[in-house]
Structures are given as structure tokens and as C-alpha cells.
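Data block below; observations after.
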Amino acid sequence: MSAVVHGYPSTMQDDYQLTMGSLIRQSVRSFPDTEIVHRNSKGEWGRTTYKENFDRIERAAAALAKLGVRIGDRVGVMDWNSLRHYELYWAVPAIGAVFTQLNLRLGEEDLLYVLDDTAASVVIVDETLVPMIQGIATKAQHVKTWVILSDGEIEHSLPNAVYYEDLLAEAEPLPEWPNISETSAFAAGYTTGTTGRPKGVFYSHRSQFLHAYGFVNGLSVTPFDVVMPITPMFHVLTWGTIQATVLAGAKLVLPGQFSADTLGEITGAITEEGVTVTNGVPAIFSPMLEVLKSTGVKDLTGLRLLCGGTEPPLSMITGYKETFNAEVVHAYGATETSPLVAVNRITPTMREHLSEEELEAYGSKQGRVPVNVDMKIVDGVGNEVPADGETTGEMLIKGPWITASYHGMSESEMADKFVDGYWRSGDVATMDRNAFVKITDRLKDVIKSGGEWISSIDMENAMVGHPKVVQAAVVGLEHPKWDERPFMLLVLQEGQDITKDEVHEHLLKRFAKWQLPEQFQVVDEIPATSVGKIDKKVIRSEYQDLYK
């Protein structure tokens with residue numbers, strides 16, 4: 001990485017710190033009456049405003065300070081997409097502490113590892129999640145106080161536990177917010193540990209302030225928007241949605257606890273509250289499309305569905321567009337990148353010069369790299385490949401909201417994860433002349449057959465285009481002659497079955513005959529990670545001897 005060169009001094013207030021504290025205070029000042037609509041654990045909806053809720057934020061900050069939380073301490077938070085969770089997004093950094101996301105989908109061992117790795121001294125947990133956490137509470141050696149988020153007392157076995165609402169009732173608003181440096185850690189997030197222990201990423205105030213601007217720019221968020229985060233608030237800060245919403249002064253809708261089975265309970269908020277921006281993965285947006293169709297709604301013009309995790313099926317993209325005039329916005333990111341690295345929004349010039357067919361093809365790409373992110377695609381020896389939309393290589397990324405290291409890891413442990421200041425994504429991709437990237441596979445998931453590569457992601461997306469198929473997963477299994485051969489799991493529409501000939505006939509539209517899987521299996525459910533991605537490690541392990 002080249003050294004920083006200092007030019008002639010500016011006259012600007014360059015020591016003004018970009019922090020979460022200044023963001024929330026100034027937004028409350030500028031947008032005091034903007035609404036926050038929220039749903040509690042009982043499924044009841046309520047309303048407040050930026051200004052009304054700010055009093056609770058300041059009391060929560062003061063209460064944490066009274067518990068002994070100091071600048072730099074880590075405070076764990078385990079909750080759904082709730083109003084209290086929103087308050088803690090601001091109350092914890094208000095006193096200079098680190099808002100530590102606890103992913104409730106991690107196993108007990110990994111969750112305990114995160115608590116120990118961060119040395120969290122206070123952990124705040126929703127009442128519905130207490131049974132999940134109390135099994136490891138006595139093993140969490142650094143936790144001094146447990147704080148329960150509830151409307152009243154509950155049965156529990158957490159040691160030294162207090163109630164959040166009691167703390168707020170006894171607290172006075174924070175008298176003064178510390179002028180914390182913008183390079184201090186604001187929040188901590190952990191990878192989901194699919195390959196070893198979760199890895200810690202500590203986001204700075206500055207990184208999240210700038211990331212919020214990137215989100216607002218990428219999704220064109222304004223005070224006229226209504227934002228509902230569906231991605232869990234415990235996962236990569238729900239992709240920066242909360243900070244971006246507050247920065248823009250937009251109305252916020254917090255759907256509380258929900259699952260794919262209870263989508264109907266929150267889908268109504270999209271129409272009733274006029275939601276225009278939301279985020280999630282295809283596993284949520286696909287069934288949501290069917291729920292919306294069943295309501296009789298005809299027009300959702302202006303709705304942007306930021307979709308990540310895995311590539312959205314073309315049928316889902318066109319389904320939202322043709323049925324509701326809503327836009328599925330494909331995006332790319334990771335825990336290490338805050339997460340937005342690319343957002344798929346077509347430019348006016350592209351719309352003017354590309355055919356409808358070409359524009360439709362762009363829908364499968366992860367999107368255009370924003371101005372504040374530096375990315376290059378390199379081959380196996382580190383040379384940058386041409387931006388021709390065809391030549392593949394590994395994506396290397398750096399920028400103001402990209403991590404430069406992992407918490408607590410030595411240089412030797414990170415040697416293969418960073419190069420020349422770039423984070424190694426492990427994703428195989430192309431980039432075209434418009435700076436749009438297309439992920440073709442993970443380095444670890446690309447299928448190496450007879451010296452050639454087969455994209456598992458492309459095959460999955462092609463198969464999901466079959467009218468009988470709901471979901472597809474493709475992995476490479478060890479083969480005695482060809483090194484690896486593709487194997488496919490399929491989830492079908494209810495009441496359907498499918499033959500090998502049908503699978504091959506469908507795939508031959510995009511793949512050569514030698515690339516087709518010899519075998520596939522129809523299953524009720526495809527193994528998934530804690531954040532809803534296909535868990536290919538589990539699939540490979542379960543079917544490892546199939547081709548031997």
C-alpha cells in the first residue's frame with residue numbers, strides 16, 4: 001500500500017469527529033417528528049417519533065454508565081428487530097462503549113466464544129431469548145451483569161440480572177455525550193463460523209458514518225421514504241439500514257420477531273405503512289412475493305427490496321416488477337465490508353444505450369462498485385484481470401468501511417486473508433466496463449471437473465428458473481476420474497416431482513452436456529447457515545461418498 005502524502009494544510013475542521021452520537025443527535029434535531037413504527041413480542045404495533053424515543057436512548061445510556069460500563073467496554077445485545085434494539089444501537093456508543101451483536105442463530109459454543117473473545121461485561125437479552133442464553137450464562141467468564149428486555153418480571157436463572165425498563169425508569173438522561181474519536185470501535189460483528197470459529201470485525205464510528213452515506217446514495221433514500229429492515233438487526237447491523245434511515249430522516253418500521261412462517265404478520269406493514277425500502281434474502285422475499293399476491297395489492301411503485309445473501313432468482317425479480325412495479329435491488333457484501341460493496345442500480349446512460357434484453361441480464365449481477373470502495377479482480381498469481389465482464393478472478397476489496405484485520409488474530413493467522421491492504425473476499429467474479437460485478441462462485445465452492453471450472457451458483461440459479469423448482473443447491477463431490485462432479489439438491493413445488501431428463505433438458509439451455517450433474521436428490525429442505533445461506537459444507541459432508 002502506498003504511503004500517505006500530505007499536501008498544503010486546509011482550513012477545515014478536520015478534527016470534527018464523525019460518530020454515531022453526532023448522527024443520532026443531529027437527526028433528532030432535524031427530523032424530530034419523523035415516525036418510528038414498531039412491533040413488540042406480542043405482535044402489537046406501536047408508534048413513537050425520533051424525538052420522543054431519544055429520551056429513552058439517553059436514559060438507557062445513563063443506565064448503562066450506572067452499571068459500570070465505561071469507554072471501550074463491550075456490551076452484548078441479543079434481540080429481534082425491536083424498538084429496544086434500535087435504542088441500544090445508539091445508547092451503547094453514546095457512552096463510548098462497543099455495541100456487540102450477538103447472533104442468536106449461532107450454536108452455544110460459538111456464542112460463548114463471541115462473549116469470551118469480546119470480553120463483554122454486560123449482556124442485554126430479549127425475554128424470548130433468555131432460555132437460549134441462560135444455558136451458557138455461568139460459563140461466560142467476563143459478563144458481570146445480564147439485562148433482560150421485557151415488559152415485566154419473568155422466570156429465569158441468569159446470574160446478577162436486572163430489567164431494562166427498571167433501569168430506564170430510575171435513570172436521568174445522559175448529561176453529556178463523550179466526544180469519542182471517530183476511529184474508535186462503535187460495534188462488533190462476527191462471521192457465522194462456517195469454516196472454524198467466528199471471526200470478529202470491529203466497525204469504527206467513521207466507517208459506519210461513511211457507510212450510511214453509501215447506503216443512502218445507493219438506494220436513493222430520502223425523508224419521503226419508509227424503511228423496514230427485515231434482515232436481522234443482530235447481523236451486520238442489518239446491513240447499515242438503521243444508520244442510513246436515521247441519516248436520511250426517513251420513517252422507520254421495526255417488525256419485531258418474525259420468521260418465514262409468520263411473514264403474513266409483517267407483510268401487511270408494507271402496504272399499511274407505505275414501506276419503500278426493505279432488505280432481506282431470497283428465502284424471505286420469495287415467499288413474501290406470494291403473500292403479497294394473495295392480498296390483492298396491485299401497485300407497490302417505489303418499493304426497493306435490497307436483496308443479498310445469494311443471487312435472487314430472475315423469476316422473483318420479474319415477479320415483483322410485473323406484479324407490483326417494485327424493484328428488487330441485488331447487492332453484495334459481507335461481515336467484513338459493513339456490508340455494502342456493490343448495489344445493482346442501472347444508470348441513465350446504461351438505460352439509454354442497452355437493449356431490454358441486456359438490461360434484464362444485468363439483474364443477475366451483484367451491482368456497481370460505489371465510489372468509496374476500491375475493488376480489483378485478480379488471477380491466481382495476483383495480476384488484475386481485464387474488466388470485460390467475462391474474465392474471472394478473486395475479488396480483492398479495500399475502502400473506508402472494509403476491515404483491515406480480524407479481532408484478536410495474529411499476523412500469521414491472517415496472512416492468507418489480506419494482501420497489499422486488500423481484504424480477500426474468497427469470491428470468484430467478473431467486472432465489466434460499467435464497474436458491475438458478477439459473482440460466479442466461491443473459491444471453495446467452484447466445481448473443478450476434468451481441469452475445467454463449473455459455476456455452482458450459475459447452475460443453482462438456472463435450476464430455480466424451472467417451474468417445478470423452489471430452491472436448488474449445487475456442490476462438487478469428489479470423483480475418482482474427474483476430480484469433482486456436480487451434485488444437486490432440489491426443493492420442489494408442493495405436489496410436484498421431476499426426472500433426471502427434465503433436469504438435464506432444462507440445464508442444457510445454459511450448460512454443456514459434460515457439465516450436467518450425474519445425480520440429484522429431491523429434499524424437503526436444503527441445509528442453511530445461521531444467516532440463511534446454503535450450507536454447502538454440510539451437503540458435501542453428507543453426500544461425500546456418492547461418486548466414489
Which one is farthest from Gly152 (Cα to Cα), of the residues in segment 26-52 that are touching a residue at least 24 places away in the same chain (Cβ under 8 Å) and in a helix (DSSP H, G or I)?
-> Ser30
Within segment 106-124, residues being outside any helix (DSSP H, G or I), β-branched (Val, Ile, Thr) and either out of contact with any Phe, Trp or Tyr (no Cβ under 7 Å at 6 or more places or on another chain) or not assigned by TED's automatic domain parsing to the domain that holds Leu167 (or both) number 1
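Given the condition touching an Asp or Glu at 6+ places or on another chain (Cβ under 7 Å) and exposed (fewer than 15 other Cβ atoms within 10 Å of the Cβ), answer yes or no: does some residue in segment 452-469 qualify?
Start the filter on segment 452-469 by keeping residues that are touching an Asp or Glu at 6+ places or on another chain (Cβ under 7 Å), which leaves 455-457, 461.
After this cut, where a residue has to be exposed (fewer than 15 other Cβ atoms within 10 Å of the Cβ) as well, the list is none.
Among the residues of segment 452-469, not one is touching an Asp or Glu at 6+ places or on another chain (Cβ under 7 Å) and exposed (fewer than 15 other Cβ atoms within 10 Å of the Cβ), which makes the answer no.
Looking for whichever is of a type in the set (Val, Ile, Thr) and outside any loop (DSSP other than H, G, I, E, B) here; the options are Ile402, Ile439. Which one fits? Break it down stepwise before answering.
Values: Ile402 fails: outside any loop (DSSP other than H, G, I, E, B).
Just one listed residue meets the conditions, Ile439.
Just checking, which of Gly389, Gly380, Gly426 is part of a strand (DSSP E or B) and not assigned by TED's automatic domain parsing to the domain that holds His205?
Details: Gly389 fails: part of a strand (DSSP E or B); Gly380 fails: part of a strand (DSSP E or B).
Step by step, each of Gly389, Gly380, Gly426 is checked, and only Gly426 is part of a strand (DSSP E or B) and not assigned by TED's automatic domain parsing to the domain that holds His205.
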In segment 338-364, the residues that are modelled with pLDDT of 95 or more and among the small types (Gly, Ala, Ser) | Ser338, Ala342
From Leu88, Leu167, Leu129, residue being in a helix (DSSP H, G or I), closer than 22 Å to Pro229 by Cα, touching a helix residue (DSSP H, G or I) at 6+ places or on another chain (Cβ under 8 Å) and at pLDDT 95 or above | Leu88
Matching option when the condition is basic (Lys, Arg) and buried (at least 16 other Cβ atoms within 10 Å of the Cβ), among Lys417, Lys444 | Lys417
Search segment 491-548 for residues being charged (D, E, K, R), surrounded by fewer than 13 Cβ atoms within 10 Å (Cβ to Cβ) and outside any helix (DSSP H, G or I), and hand back the single one that is nearest to the chain's Cα centre (by Cα).
-> Glu525
Answer yes or no: is there a residue in segment 138-147 that is touching a residue at least 40 places away in the same chain (Cβ under 8 Å), farther than 27 Å from Gln243 by Cβ and not in a helix (DSSP H, G or I).
-> yes
Among (1) assigned to a helix (DSSP H, G or I); (2) touching a residue at least 24 places away in the same chain (Cβ under 8 Å); (3) of a type outside the set (D, E, K, R), Val475 falls short only on (1)
Among the residues of segment 220-240 satisfying the criterion of being among the hydrophobic types (A, V, I, L, M, F, W, C) and over 15 Å from the mean Cα position of the chain (by Cα), which is nearest to His85 (Cα to Cα)?
-> Val227
For segment 132-164, how many residues are surrounded by fewer than 17 Cβ atoms within 10 Å (Cβ to Cβ), at pLDDT 95 or above, under 21 Å from Gln257 (Cβ atoms) and among the polar types (S, T, N, Q)?
-> 0
Cβ-Cβ below 7 Å, separation at least six or inter-chain, first residue in segment 504-529 and at pLDDT below 95, second assigned to a loop (DSSP other than H, G, I, E, B) and among the charged types (D, E, K, R): which pairs?
-> Pro527/Asp535; Ala528/Asp535; Thr529/Asp535
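Within segment 258-273, track down each residue that is closer than 29 Å to Gln26 by Cα and crowded, with 20+ Cβ neighbours inside 10 Å. Before the answer, list the steps.
Taking segment 258-273 and keeping what is closer than 29 Å to Gln26 by Cα, we get 269-270, 272-273.
If the condition is that a residue be closer than 29 Å to Gln26 by Cα and crowded, with 20+ Cβ neighbours inside 10 Å, then Ile270 is the only one that fits.
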The condition of being of a type in the set (Gly, Ala, Ser), more than 27 Å from Leu112 (Cα to Cα) and surrounded by fewer than 24 Cβ atoms within 10 Å (Cβ to Cβ) holds, among Gly200, Gly218, Gly196, only for Gly218
What about Arg206, is it farther than 26 Å from Gly532 by Cα, within 20 Å of the chain's Cα centre (by Cα) and among the charged types (D, E, K, R)?
-> yes
Out of Ser82, Ser27, Ser10, sole residue that is outside the structural domain of Leu149 (by TED's automatic domain parsing) and either among the hydroxyl-bearing types (Ser, Thr, Tyr) or crowded, with 16+ Cβ neighbours inside 10 Å (or both) | Ser10
Failed condition for Asp55, given (1) within 21 Å of Asn179 (Cα to Cα); (2) in contact with a Phe, Trp or Tyr (Cβ under 8 Å, 6 or more places away or on another chain); (3) assigned to a helix (DSSP H, G or I), with all others met?
-> (2)
Among (1) closer than 18 Å to His235 by Cβ; (2) in contact with a Ser or Thr (Cβ under 6 Å, 6 or more places away or on another chain), where does Asn325 come up short?
-> (1)
Could you grab the pairs with beta carbons closer than 6 Å, sequence gap of 6+ or different chains, first residue in segment 362-383 and touching a residue at least 40 places away in the same chain (Cβ under 8 Å) and within 27 Å of Leu314 (Cα to Cα), second one of a type in the set (A, V, I, L, M) and surrounded by fewer than 19 Cβ atoms within 10 Å (Cβ to Cβ)?
-> Arg368/Ala435; Val369/Ala435; Ile377/Val385
Among (1) assigned to a loop (DSSP other than H, G, I, E, B); (2) without any contact (Cβ under 8 Å) to a residue 24 or more places away in the chain; (3) out of contact with any Ser or Thr (no Cβ under 7 Å at 6 or more places or on another chain); (4) not aliphatic (A, V, I, L, M), Glu172 falls short only on (2)
Would you point out which residue out of Leu210, Leu247, Leu263 is over 22 Å from Ile124 (Cα atoms) and modelled with pLDDT under 95?
-> Leu263
Filter segment 443-463 for residues that are more than 28 Å from the chain's Cα centre (by Cα) and assigned to a loop (DSSP other than H, G, I, E, B); which is nearest to Ile377 (Cα to Cα)?
-> Gly451
Which ones in segment 249-298 are without any contact (Cβ under 8 Å) to a residue 24 or more places away in the chain, assigned by TED's automatic domain parsing to the domain that holds Asn53 and charged (D, E, K, R)?
-> Asp261, Glu272
Please enumerate the residues belonging to segment 80-111 that are over 20 Å from His142 (Cβ atoms) and of a type outside the set (A, V, I, L, M).
-> Trp80, Asn81, Ser82, Arg84, His85, Tyr86, Glu87, Tyr89, Trp90, Arg105
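The values are calculated or read from the model by the stated rules, or taken from the named source; none is laboratory data. What you see is a predicted model; the values in this text were computed from it and never measured. Don't worry about glycine lacking a Cβ; one is built from the backbone with ideal geometry, like all the others, and counts go over all protein chains shown.
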